[in-house]
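Everything on this sheet refers to the single structure shown next.
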Amino acid sequence: MTVRARIALLYGALFLVGGLVLVSAVYLLVRNDLTTQLSAAVTRVIPPEGPVTGATRGPSVHLGNTDEIAKISQETVLAKLLVVSLLALALLVVLAAVAGWWISGRVLRPVHRMSELARRLSSDTLHERIALKGPQDELKELADTLDGLLSRLQAAFESRRRFIANASHELRTPLTVQRVAAQVGLSDVTAEQHVHAREQILTANRRSERLIDGLLVLARSDLAMAQRKPVPLQDVVKSELAQHTRWATANDITVHTRLDDCFVQGDPVLLPQLVGNLVRNAIEHNTRPGEIEVSTDRAGRLRISNTGPIIAPEHLPALFEPFTRGDERTARGEGSGLGLSIVQSIVQAHEADLVVHARDGGGLDVEVSLAMAEPLPTGRRS
């Protein structure tokens, strides 16, 4: 039985029960009042013993005991009252069921629209929306929630499509460079061209390795972590900065640090990837000369700020999509284009908070807030 039919039957049943209670109450009240009032009225008109007299001419008629007359009259009135009441109740029950069917149809109409849309949904129709009009009631709230869900699904599907297209392009580019370098550079046996071809092949290989490593980290960070451990955040930052100091110095970038001791709950493999990608991004997208400020505090917050090109606030969300570099996609460069995508995935895996602001003078302010942890005993630190 459909919900609409159940609502119609419920309306009818409620009217039936309520009507029976009302008819019973009226019947009892009328019967009690009628017993007293009808006997008194008959007694006033007809003496208890004697003929009926009046202005009309004719023989006298003896009507018998007044109580018997009152009882017969009462039964007649109550019978008519009961029949009329039950007929009216039956009509009202039918009308209530019809009204329930009509009202439930109007109320459930948005639900049918939602069901039809859900049946049509596929990866190619995620642009459709319910777009329910009407008052801000529960059904409107449900429809708006489903529209929001569809928007997020559409964004996720489109992001995956772009990811696949860009990944194919990014993987194909270094392989093409290697093939051309091998075909052209090694066709001549001179030592100089051998060295040039070797450097091209090694550079392309390093780029392919970085891209594949980034994809692996991105895939791993998308999975929920089964176990978290206390990790000294300041030690992770120091280690990553030490690996990138020479690169920053070579590009005339000054690094300022303020590192407070802090233990956070996290993955000891993913957290260095998080910090390393933020540091590399701050170096790659900086001015020459430029500055980077790195700090940690005792509340589990990591903040990295860098000078760099001016970024419009509306362009910030696109920076976290794979293979996005500044305002261009799939741009040429040494980076894999996965840095901030990896950062966002690792932050989500840690259930942490990520806040990014575009600086007025250019560059970014990135702040990651991680869950605090109790420090490990000194003997267990690695």
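What follows is calculated from the coordinates using simple rules that are stated; it is not laboratory data. In this text, all values refer to a predicted model and were calculated from it rather than measured experimentally. Here Cβ is always computed from backbone atoms with ideal geometry, including for glycine, and neighbour counts include all displayed protein chains.
Brief remarks follow.
- Taking Arg6, Arg113, Arg301 and counting other C-beta atoms within 10 Å, the order from fewest to most: Arg6, Arg113, Arg301
- Ranked packing of 93-105, 277-289, most packed first, by mean Cβ within 10 Å: 277-289, 93-105
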